[in-house]
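Below: the structure, in structure tokens.
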Amino acid sequence: MIIKTHYRIEKNSIALVLAIILVSGIGGLFEIAPLFSIDETVESAPDMRVYTPLELAGRNIYMREGCYACHSQMVRTLKDDVDRYGPYSLAAESQYDHPMLWGSKRTGPDLARLGEKYSDHWHTMHLNNPRDVVPESIMPAYRWLLRTPLDTQDLSLHLNAMRRVGVPYDDAMISNATQDALAQATPELSTSKALMERYGEETNVRVFDGKADTVTEMDALVAYLQILGRLTALPYQESSSTQ
Amino acid sequence: MLAQLSFRERNLALCAAGLVMLVGLLVTAVGWQDLIAVHGVIAALYTAGIIALLLKHRKAPAPSPERLKEYYDDPTKIGILLCLVWGVFGMAVGDWIAWLMAYPDATFDAAWASFGRIRPVHTTGVIFGFGGNALIATSLHVVQRTSRARLPDQFSPWFVLLGYNLFCLLAVIGYPLGITQSKEYAEPEWYLDIWLVIVWVAYLVLYLRTLARRQEPHIYVANWYYLAFILVVAVLHTVNNLAVPIAVGSTKSYSLFSGVQDAMTQWWYGHNAVAFFLTAGFLGMLYYYLPKCAGRPIYSYRMSIISFWGITFMYMWAGSHHLHYTALPQWVQTLGVGFSVMLIVPSWGSAANALLTLNGAWHRVRDDATLRFMMVAAVFYGLSTFEGSFMAIRPVNSLSHYTDWTVGHVHSGALGWVAFIVFGSIYSLVPWLYKCKGMYSKYLVEIHFWLALSGTLIYLISLWNAGITQGLMWRTYNESGELTYSFLDSMIAMKPYYIARGIGGFLFLTGACLALLNVVMTIKQASRESSRSDASTRAAAVDLPVAGAPQS
């Protein structure tokens, strides 16, 4: 019976095409489509803030350099993961991550709880040459970050594209993106107050790379690393309430 | 080769190349300030090269209509060479970055040479460059033979092959410059993704047009797999790469999905790129070249049917096993485990079908390295699909995930299965295409086989050990309930395994170089011999289509 039906399908290329699309389509529809409609998929985190333009630029450098190939940003719900890195990751934490950077390999340690664990100075030294701080490290040296000024010109376009995919940036954030990026790494600028008003009092405003005169790619990347795991307090509250 | 194109096809090719060149120049002009200009210039140069070749042959006399009575294999011939060149390149880069993990300063202090930027050069080079060209080249050969019909025209196969290689080239040049959307195995940015969709639709149309001209009532199994590969990859690629560019003249885009939905979409893509790019397509290869080479029919037709539909249905559910214990909802993870374990049935069905086909031809497996390549491929296919299902089980995954075991598993499939079936197919296909008795050197094929096998085994055993060591060190507690090892301890423990892996990779790479050499020498020898005698034309007489192409 089945063989007979198959005889018919394999004699007709269009039937074969349709059957393949139908049969292969079911799995994706069942698993992916509900993720957009089931409310519990992403927890609500009212204190969640968006990336500042400088942090977003840093995130783009993280992607450009392929950091995700060796570092995950996902603490699993396993005891040793939690003991080693901190509270397990929640879906809410990466809700503004277009794309997500959960990673698939830990050649180096997980970075989901990295923010404020080390000083800016340590990060700058470490990124410039990891073996200066950790002699056994096999991480590449990213010396060009410190000598490359950050391109801040088109940050408004970046924020605007992020808004179009659903991140709640407002008009003021978009139009002041370049100014805000410079302000975050240059505390003496009068504009840094406006930045804090837009992104919250907790925003890190400081010279990240130790060089006050220029805003470099190092500033952006360190600013991003220092905010990892700190966009919302939800994971820390959940872990204390379960204990 | 170009003289085989009719005048109409030459003009069509000129128009298409000119159009792509124009787009390239336009992109360069609009995105002058952006890295996209580099891609624009390269696309323009690439097409300028094609146009120059076409113009050189424009005045060549019209090809003889006799050619339409034969199969059209020129794109396959070029595709095989491209496949091997990409293979050597991609594997060389792979071995380089393997050594970077033991000696991290081997990067000349250059941004473009840092691990994170050249890793996708390796993955794209071997998966899409080596694997993709092998699939396109063999699929065009197989679909003609199993349909007993010539390709419907001579322009579209070139458009598919050269357009696809333009995609690979631009992607691979882009990563060292920092152009990436950071999605694993889908790194090329939005405009390259659009270009690939255009090429891919042309591929599907070409395939279906050839099938429509077939002189056999049944579509052969190999074509089911090639069709599934073309169709499903199109769907996966389109959905996974949905993104909003920041501006038309910019490389940068932001993906439509975020966080958990993006994670599921990426691994739905990622796992099924393995299933439909690295499995279905190569099973198509296996189902044609293995029985042909062994001189025996496929063992079981029913097993082929069950395996094919099993793989097509179940793989699409399995992607979530890449996200165990993460913020992905548990119900999706559970579905992923279930289907991953069930996948053993169709996977082993295919592997068993291949091995049982060899039953009765084992003496040939012993004597003929070409057939042995295919046999080992089937064995590794069985082994790595078993390993995959095993690693998808949650407790196993809690140990294996994020470790080098995963990398070892991937290479068990990529080296042991994909590369072995490609080499086996190429070694049997090249002599058929060039109408000679065998490869230039049987001896080199034999050396290649043992280099490839020992390289693969060294690679797998070292990373299997590395991964399990890592996984165990990460979860070891001391008596006072604290973690025994720092992360750094586990990293230091990896060094001997990383060195061993680099050696295994080097052996495999050496084998691939021999394959390229052997194929080039075979082609040279064949062209010398065919100019001396017409023996080749007699040998070719049996390999002719029933349906030639329509006059154009």
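FYI, it's all coordinate maths here, none of it is from the lab. Worth saying up front: this structure is predicted, and the values here are computed from it rather than measured. Heads up, the Cβs are rebuilt from the backbone with ideal geometry, glycines too, and the neighbour counts pull from every protein chain shown.
Here are the numbers for this structure:
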quantity: Amide H contacts of B:A243 (H built 1.01 Å from N, under 5 Å, at least 5 apart or other chain); calculated: B:L256
quantity: Inter-centroid distance (Cα atoms) of segment A:149-195 relative to segment B:350-416, Å; calculated: 51 Å
quantity: Which listed pairs, of A:K105/B:K495; A:K105/B:K252; A:K4/B:K69; A:K4/B:K292; B:K292/B:K442, have C-alpha distances above 23 Å, in listed order; calculated: A:K105/B:K252; A:K4/B:K69; A:K4/B:K292
quantity: Over chain A, relative contact order from alpha-carbon pairs under 8 Å, at least 6 apart, %; calculated: 26 percent
quantity: Integer Hz, Karplus 6.51/-1.76/1.60 couplings in order for segment B:206-223, x for Gly and Pro; calculated: 4, 5, 5, 5, 5, 4, 5, 8, 5, 9, 10, x, 8, 8, 6, 3, 3, 6
quantity: Assigned charges on the beta-carbon of Lys, Arg, Asp, Glu; the protein assembly as shown dipole about Cα centre (debye); calculated: 4100 debye
quantity: Highest-first arrangement of B:76-84, A:38-46, B:517-525, B:313-321, where packing means the average Cβ count within 10 Å; calculated: B:313-321, B:76-84, B:517-525, A:38-46
quantity: Leading residue at positive end of dipole, the protein assembly as shown (Cβ point charges), from B:A526, A:I20, A:P34; calculated: B:A526
quantity: Stokes-Einstein diffusion coefficient of chain B, Kirkwood radius over Cα pairs, 25 °C, 0.890 mPa s, in µm²/s; calculated: 100 µm²/s
quantity: Average projection area in nm² (convex hull over Cα atoms of segment B:1-61, one quarter of hull surface); calculated: 3.8 nm²
quantity: Charged-residue dipole, Cβ positions (Lys, Arg, Asp, Glu), chain B about Cα centre, Debye nearest 20; calculated: 1940 debye
quantity: Loop chymotrypsin sites (Phe, Trp or Tyr not before Pro), segment B:98-135, which have at most 15 other Cβ atoms in a 10 Å radius of their Cβ (DSSP); calculated: B:F108
quantity: Net +/- balance of residues flanking A:S94 in space, Cβ distance below 15 Å, scoring K and R +1, D and E -1; calculated: 0
quantity: Placed amide H near A:L111: partners under 5 Å, 5+ positions off or other chain; calculated: A:S72, A:Q73, A:M74
quantity: Kyte-Doolittle mean at least 1.6 and Cα axial length at least 15 Å: DSSP H helices in chain A; calculated: A:13-37
quantity: Centre separation in Å (Cα based) which lies between segment B:266-329 and segment B:486-507; calculated: 31 Å
quantity: Between segment A:109-140 and segment B:63-93, the Cα center-to-center distance that results, in Å; calculated: 48 Å
quantity: Helix-only [θ]222 nm of chain A, DSSP H runs n ≥ 4, -39500 (n - 2.57) each, per residue, nearest 500; calculated: -14000 deg cm²/dmol
quantity: Dipole of chain B, positive direction: furthest Cα of B:L81, B:L22, B:F155, with charges on the beta-carbon; calculated: B:F155
quantity: Positive dipole terminus of chain B, leading residue within B:A186, B:Y72, B:L236 (C-beta point charges); calculated: B:Y72
quantity: Cα-centre dipole for segment B:123-199 with unit charges at Cβ (Lys and Arg positive, Asp and Glu negative), debye to 20; calculated: 440 debye
quantity: Most fluctuating residue given options A:I20, A:I138, A:I61, as computed from a GNM of chain A linking Cα atoms under 10 Å; calculated: A:I20
quantity: Set of lysines near A:K211 by C-alpha distance (under 23 Å), chain-local residues within fewer than 8 positions excluded; calculated: A:K117, A:K193
quantity: Loop trypsin sites (Lys or Arg not before Pro), segment A:91-124 (other Cβ atoms within 10 Å of the site Cβ: 16 or fewer; DSSP); calculated: A:K117
quantity: Per-residue mean of C-beta atoms belonging to partner chains within 10 Å, peptide B:116-124; calculated: 3
quantity: Partner aspartates and glutamates for B:K183 [C-alpha distance under 17 Å; skip if fewer than 8 residues away on the same chain]; calculated: A:E65, A:D97, B:D193, B:D262
quantity: q = 0.07, 0.11 Å⁻¹, the protein assembly as shown: log10 I(q)/I(0) [Debye, one scatterer per Cα]; calculated: -0.53, -1.28
quantity: Helical mean residue ellipticity (222 nm; -39500 (n - 2.57) per DSSP H run of 4+; nearest 500) of chain B; calculated: -22500 deg cm²/dmol
quantity: Residue mean of other protein chain beta carbons inside 10 Å, B:241-251; calculated: 3
quantity: Local electrostatic count, A:T216, Cβ distance below 15 Å [Lys/Arg +1, Asp/Glu -1]; calculated: -3
quantity: A:F30-B:I499 FRET efficiency (beta carbon distance; Förster radius 41 Å; 0.05 resolution); calculated: 0.40
quantity: Segment A:E201-A:T178, length gained on full extension (0.36 nm per residue, minus Cα span); calculated: 6.4 nm
